[in-house]
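Reading through the structure tokens given below for one structure.
The values are calculated or read from the model by the stated rules, or taken from the named source; none is laboratory data. Just so we're clear, the structure is a prediction, and the values are computed from it rather than from any experiment. We place every Cβ from the backbone using ideal geometry, glycine too, and count neighbours over all the protein chains shown. For the accessible areas, the whole protein counts, side chains as well, though only heavy atoms, and no ligand, DNA or RNA atoms are used. Shrake-Rupley method; radii C 1.70, N 1.55, O 1.52, S 1.80 Å.
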Amino acid sequence: MNEALTRPAVVSRISDLIGYTPLFELCRTENGSRLLLKLEMYNPTGTAKIRMARAMVDAAEAAGELRPGGRIIESTSGNTGLGLSVIAAERGYTFTAVVDHHACSDKLRGMKALGTELVYVVGDGTEELATAAREELAEDMARGQDNTIFTEQHNNPANGVGYFPVAHELHQALDGRIDILIGAVGTGGALCGTTRELRKLVPGVKTVGVEPKGSVAFGGPAHDYYQSGTGTPEGAGIGALVDFALIDEGVKVGDVEAFATCRAVARTGLLIGGSAGGVVHEALTRLPSLPPGTTMVALINDGGEKYMDTVFNDDWMNDRNLIDPATEREIDETLTKLREN
């Protein structure tokens, strides 16, 4: 993986378009510290998670656990399911996604359009995040079935391996000049997988993990939250891929701050997803106090287009008391000031 990373001019599979995602400088300080966003929404399906979806299927095929005509089952909030939908469609597998109504409706519609069977673990329309129940059902559905796998993203080592290329992309693009990597912590695959490989190339890089307030990976208290596809809700086990030895600092960002950041960043011309808002909020908080010339890279795991019915919908936000004009205004002012440098 040390050769120059380039994508062929013409590809024959959608999955061949995975990776090589751009870096965007959102802002910088007067002393030359800068915040770069790794825009993973430029992957097929608009999310980083197709990287690990492909890696998990590759690993199952290599182990002989998945053969032609087989079935894949996964518990998902949407983005992993979208990635598996594409890989399954390309390779002729059946894919069943075990979901709840906490997922954004656009993700659910997208999976269905790609030919995925959706099985709801909670059928009454409640928005409750039901990670533990989803995983239990997915495991039960796969148990004892021939040529059927539960990819079990939270505990599948191939999840982390799928993000190793991100480290090489960053190293090549920045010629090794990266000081801080910051990203969301859900399964742990993206942040810890990238960090594990990046430290072989840039040993001194610092890693900051971000989870929603209410998530329990970095401690309590536990409560409901609306950031989708990230964190560890109460009752769900912390995934095996969350390697605390690789995370130098773990922090929490509330829904109000995360979504206010999404909306403020949108006014600069860029749409980012809800959990990415939490990551960027924390990064913006840290940026002014960093040593001169620091390069901080934030992993932006998906774009905001899937959140038009939620984060960017005033009615949905107001119904849940998630709009705070003062917070949005403060972030707007911070971005404006930093982007003038």
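It is to be established whether one or more residues within segment 331-340 are under 24 Å from the mean Cα position of the chain (by Cα) and either part of a loop (DSSP other than H, G, I, E, B) or of a type in the set (Ser, Thr, Tyr) (or both). No, segment 331-340 contains no residue that is under 24 Å from the mean Cα position of the chain (by Cα) and either part of a loop (DSSP other than H, G, I, E, B) or of a type in the set (Ser, Thr, Tyr) (or both).
The rows are residues; the columns are (1) out of contact with any Pro (no Cβ under 7 Å at 6 or more places or on another chain); (2) hydroxyl-bearing (Ser, Thr, Tyr); (3) farther than 20 Å from Glu90 by Cα.
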| residue | (1), (2), (3) |
| --- | --- |
| Leu26 | yes, no, yes |
| Gly32 | no, no, yes |
| Leu35 | yes, no, yes |
| Thr47 | yes, yes, no |
| Ala53 | yes, no, no |
| Asp58 | yes, no, no |
| Ala62 | yes, no, no |
| Ile72 | yes, no, no |
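Going through (1) more than 15 Å from Ala264 (Cα to Cα); (2) of a type outside the set (Ser, Thr, Tyr); (3) at pLDDT 95 or above one by one, Leu335 falls short only on (1). Filter segment 34-51 down to the residues that are out of contact with any Phe, Trp or Tyr (no Cβ under 8 Å at 6 or more places or on another chain) and of a type in the set (D, E, K, R) and list them by number. Those that are out of contact with any Phe, Trp or Tyr (no Cβ under 8 Å at 6 or more places or on another chain) and of a type in the set (D, E, K, R): Arg34, Lys38, Glu40, Lys49.
Across segment 76-114, what is the number of residues that are touching a residue at least 40 places away in the same chain (Cβ under 8 Å), among the β-branched types (Val, Ile, Thr) and not in a helix (DSSP H, G or I)? Selection size over segment 76-114: 3. Identify, from the list Arg54, Arg67, Arg71, the residue that is modelled with pLDDT of 95 or more, open to solvent by 10 Å² or more (accessible area, probe 1.4 Å), under 19 Å from the mean Cα position of the chain (by Cα) and not hydrophobic (A, V, I, L, M, F, W, C). Of the residues listed, the single one that is modelled with pLDDT of 95 or more, open to solvent by 10 Å² or more (accessible area, probe 1.4 Å), under 19 Å from the mean Cα position of the chain (by Cα) and not hydrophobic (A, V, I, L, M, F, W, C) is Arg54.
So that you can scan it fast, the table gives a plain yes or no per residue for (1) buried (at least 18 other Cβ atoms within 10 Å of the Cβ); (2) within 19 Å of Asp58 (Cα to Cα); (3) out of contact with any Pro (no Cβ under 8 Å at 6 or more places or on another chain); (4) not basic (Lys, Arg):
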residue	(1), (2), (3), (4)
His102	yes, no, yes, yes
Lys107	yes, no, yes, no
Thr131	yes, no, no, yes
Glu135	yes, no, yes, yes
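Inclusion of Met317 among residues that are out of contact with any strand residue (DSSP E or B) (no Cβ under 9 Å at 6 or more places or on another chain) and among the hydrophobic types (A, V, I, L, M, F, W, C) is warranted. Here Asn318, Asn301 are screened, and the one residue that is open to solvent by less than 40 Å² (accessible area, probe 1.4 Å), at pLDDT 95 or above and out of contact with any Cys (no Cβ under 8 Å at 6 or more places or on another chain) is Asn301. With respect to Val185, is the statement that it is modelled with pLDDT of 95 or more, buried (at least 24 other Cβ atoms within 10 Å of the Cβ) and either under 16 Å from the mean Cα position of the chain (by Cα) or over 23 Å from Val57 (Cα atoms) (or both) true? It is true that Val185 is modelled with pLDDT of 95 or more, buried (at least 24 other Cβ atoms within 10 Å of the Cβ) and either under 16 Å from the mean Cα position of the chain (by Cα) or over 23 Å from Val57 (Cα atoms) (or both). Counting only residues that are surrounded by fewer than 18 Cβ atoms within 10 Å (Cβ to Cβ) and part of a strand (DSSP E or B), segment 24-44 holds 2 of them.
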